[in-house]
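This report concerns only the one structure given below.
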Amino acid sequence: MSVLIIIALGVLLQGLSDKLKVPSLLLFLVCGIIIGPSYLNILSPQFLSYSKELRHIALVIILLRAGLGLSYESLKTVGRPALFMSFIPGVLEGMAIAVMATLFLGISFYEGGMLGFIIAAVSPAVVVPMMIKLQDKKLGTDKGIPSLILAGASLDDVVAITIFTVFSGLYLGNSSNLLISLLLIPLRIIIGAALGYGAGVLFGKFKYSNTIIVLLTALVFSKFELLAVMVLGFGIRFINKPLSDTINTHLSKVWYIAQMFLFMLVGASFNPQSALNSGLIGLVIIFIGLLFRTLGVYISLLKTDLNASERLYCAIAYIPKATVQAAMGGVPLALGVASGDMILSISVLSILVCTPIGALLMDKSAPKLLNQS
């Protein structure tokens, strides 16, 4: 029954979002809060117990689609700036939030790190459609700005999730040394990339288009390293673009339903009392994080041919928070982290604040800030 409720409400809200010109994911999130245990409580507890697994599947779909949408040509064009955009803004934002949370929320640095790198991820669900829209309108394409943001944002998510995993492992006692854990990140990235790319090449060469098998392979890889999921998609596209387009089309249909479950379940997990307790401080922490992220964007774009307005647009495009916060926000709570409620609440708060602001600014400022080619 809960499944039917979410799908029915999701279809209605999708139509409403088109009329109101607001992101559907925002409506899904608010709807989840209303129908969840805090208010109407119409979702069954048994169904809610599967929330963690459903969020993880949604995250894998996001990363796989991001990989399928990345082309070698666009990556080669944007090169160094895209690489810098993939980690400098996110690391600066995540560490700034970790420090601020430790100082102002009275939680441990490891908990602050988990919060920081959940919030630090850019939302592909908001950014990717907007960049495709820019490409269609030929805005910023002369300097490869949409490709730059697409590549940087996709890799940004993987970096944030990887560092979050390090902090959660440290909190749970799975690792005893922060420095060693951070030094192991490049090794995990290399192994994950090789694993994903190898599988992607095999799928591409053998023209294997069973989307369910590809998705199951991605789910298995995600247990080791999330980067492997994205590189799996990239490998398929590199070897066989028509095949990657077919798989991406299938996954887009799955995502249409998956996003309803993802955002409504996150909303249902939202604790209003915890949000009130951390409300103003949470907003300040999110805002400070965005300032450091903006600084990181400007550092990443040094020595490029982008002018001041184009660099400003790149910073604006890195504002939206949604998919990763929804998929990962409840993980600390599920792991039994002491501040799990607070981390989830601030994650949801970051979506409610950053998604509409970022989406609106991206849409309205593009014609003014980007040169038309």
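Listing for the model above:
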| quantity | calculated |
| --- | --- |
| q = 0.13, 0.19, 0.22 Å⁻¹, the range 179-278: log10 I(q)/I(0) [Debye, one scatterer per Cα] | -0.60, -0.91, -1.03 |
| Selected from ILE149, ILE212, LEU172, residue furthest toward positive end of dipole (the range 106-221; charges at beta carbon) | ILE212 |
| Solvent exposure of the range 283-369 as accessible area per residue, Å², 1.4 Å probe | 36 Å² |
| Among PRO129, LEU40, GLY113 the positive-end extreme of the charge dipole of the range 29-129 (Cβ point charges) | PRO129 |
| Among PHE287, GLY196, GLY330 - extreme Cα towards positive end, dipole of the chain, charges at beta-carbon | GLY196 |
| Computed label-point distance, nm, for sites ILE34 and ILE299 using a 7 Å Cα→Cβ extension | 4.3 nm |
| Principal semi-axes in Å for the range 241-373 [√(5λ), Cα gyration tensor, largest first] | 30, 24, 13 |
| For the range 94-234, radius of gyration divided by Kirkwood radius, i.e. Rg to Rh on alpha-carbons | 1.05 |
| Mean Cβ neighbour count within 10 Å, used as a protection proxy, ranking 120-129, 294-303, 194-203 highest first | 120-129, 194-203, 294-303 |
| Chain lengthening between LYS223 and ALA334 when straightened (0.36 nm per residue, less Cα-Cα) | 38.3 nm |
| Volume per residue that the Cα convex hull of the range 1-158 spans, once the total is divided by residue count, Å³ | 155 Å³ |
| Global size of the chain as Cα Rg and Dmax, reported in angstrom | 19.5, 56 |
| Net lengthening on full extension, PHE287/GLN135 (0.36 nm per residue, minus Cα-Cα) | 51.8 nm |
| Percentage, to the nearest whole number, of Cα pairs in the range 257-299 over 15 Å apart | 63 percent |
| Test item: Cα-centred dipole of the chain, Lys/Arg +1 and Asp/Glu -1 on Cβ, debye | 720 debye |
| Where only C-alpha atoms are counted, convex hull volume of the range 111-155 per residue in Å³ | 61 Å³ |
| Computed helical MRE - 222 nm, the chain, DSSP H runs ≥ 4 contributing -39500 (n - 2.57), nearest 500 | -27000 deg cm²/dmol |
| Heavy-atom SASA rank of VAL220, VAL22 (probe 1.4 Å, accessible area, largest first) | VAL220, VAL22 |
| Under the span-like rule (Cα at least 30 Å along the axis, Kyte-Doolittle mean at least 1.6), DSSP H helices of the chain | 178-205 |
| P(r) weight above 13 Å for the range 282-343, C-alpha pairs, percent | 70 percent |
| Efficiency of FRET between SER309 and LYS21 - r from beta-carbon atoms, R0 25 angstrom, step 0.05 | 0.55 |
| Inter-label distance, nm, simple model (7 Å from Cα along the C-beta direction), ASP363/ASP142 | 2.7 nm |
| Cα gyration tensor category, rounded, prolate or oblate, for the range 1-71 with a/c compared to 1.5 | oblate |
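The values are calculated or read from the model by the stated rules, or taken from the named source; none is laboratory data. Keep in mind the model is a prediction, meaning the values are calculated, not measured. Reconstructed Cβ throughout: ideal geometry from the backbone, glycine too, with neighbour counts over all protein chains shown. Just the protein is used for accessible areas: all its heavy atoms, side chains included, with ligands, DNA and RNA removed. Shrake-Rupley method; radii C 1.70, N 1.55, O 1.52, S 1.80 Å.
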